[in-house]
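Computed from the coordinates by the stated procedures, all read-outs in this text should not be read as laboratory data. For clarity, every value in this text was computed on a predicted model and none was experimentally measured. FYI the Cβ positions are ideal-geometry reconstructions off the backbone, even for glycines, and counts take in every protein chain you see.
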Amino acid sequence: MNALVELARKAVEEWVRYGRRPEVPEEIPGEFLKPSAAFVCLKKHGSLRGCIGTTSPRQRSVAAEIIVNAVSACSKDPRFPAVAPEELDSIEYSVDILSPPEPIDGLHDLDPAEYGVIVKKGNFCGLLLPDLEGVDTVEKQLAIAKRKAGIDPVDTDVEIQRFTVKRYT
């Protein structure tokens, strides 16, 4: 198992079982000690069970970001109840490390298989990760991201940024 995925798993298990977050382990490779935005997604039997992340780094390292986001994914995702101890053996983990977002010149700069999107309008902001099952067009990707932000999906007066991810499962 990848070290970052193992870190997410350990964070979830320690939180669910003992109510505490683990410390960043010393054996994490140096590149993961730098700050970076990250998402942690949990699935159970192939269905989403929780997913929380950041669009910009909030912790001192990506490893710390993963720990915080893993705990939030299992306990604070408003779409799901908190993960229970009896579910732990059924949880599958993925960790996405995000590149810095960049503005686009037009929709031709987007590809839902390659790029995630961030849409903004005023104080509203929505994000959708790339390469998601069932999201195969730019229009569908943007509509979902807008809905997540509370923006009308047909509204074209929005700021759009794209990013890539390194996905670990």
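Karplus-based coupling profile of segment 88-105, in residue order and whole Hz: 3, 5, 9, 7, 10, 10, 9, 10, 10, 9, 8, 6, x, x, 9, x, 10, 8, with θ = phi - 60° in 6.51 cos²θ - 1.76 cosθ + 1.60 and x standing for Gly or Pro. Averaging Cα coordinates gives a centre for segment 113-137 and one for segment 41-109; these two points are 14 Å apart. Per-residue 3J(HN,Hα) values for segment 74-80, derived from phi via the Karplus relation 6.51 cos²θ - 1.76 cosθ + 1.60 with θ = phi - 60°, read 8, 9, 10, 5, x, 7, 9 Hz in sequence order (x marks Gly and Pro). Taken one residue at a time, the phi angles of segment 107-123 give Karplus couplings (6.51, -1.76, 1.60, θ = phi - 60°) of 4, 5, 7, 9, 8, x, 7, 9, 10, x, 10, 10, 10, 9, 8, x, 8 Hz. Gly and Pro are set to x. In the chain, Cα pairs under 8 Å separated by at least six residues give a relative contact order of 22 percent.
Let me spell out the model: positive unit charges on the Cβ of Lys and Arg, negative unit charges on the Cβ of Asp and Glu, origin at the Cα centre of the chain. What dipole size does that give, in debye rounded to 20?
Numbers: 22 positive and 27 negative charges, 124 e Å.
It comes to approximately 600 debye.
Among 43-51, 157-165, the peptide with the highest mean count of other Cβ atoms within 10 Å heads the list, and the full ranking is 157-165, 43-51.
Placing +1 on the Cβ of every Lys and Arg and -1 on the Cβ of every Asp and Glu, with nothing else charged, gives segment 3-98 a dipole about its Cα centre of roughly 380 debye. For a 4.7 Å threshold on C-beta separation, the list of partnerless cysteines in the chain reads C74, C125. Here is the list for segment 1-91: GluC sites (Glu not before Pro) lying in DSSP coil, each with at most 16 other C-beta atoms within 10 angstrom of its C-beta, are E23, E26, E27.
Work out the charge dipole of the chain with +1 on the Cβ of Lys and Arg and -1 on the Cβ of Asp and Glu about the Cα centre, then indicate which of V68, G116, I91 is farthest towards its positive end. Highest projection toward the positive end goes to V68.
Would you calculate a helix-derived [θ] at 222 nm for the chain, using -39,500 (n - 2.57) for each DSSP H run of n ≥ 4 and dividing by the full residue count, to the nearest 500?
Numbers: 3 runs with 42 residues, N = 169.
Mean residue ellipticity, 222 nm, calculated: -8000 deg cm²/dmol.
As a rough footprinting exposure proxy, the listed residues I91, I66 were ranked by other beta carbons within 10 Å of their own, and the order from fewest upward is I91, I66.
Using Cα-Cα distances under 8 Å and only pairs 6 or more residues apart, what relative contact order does segment 3-98 have, in percent?
Working: 176 pairs, mean separation 35.3, N = 96.
Over segment 3-98, the number comes to 37 percent.
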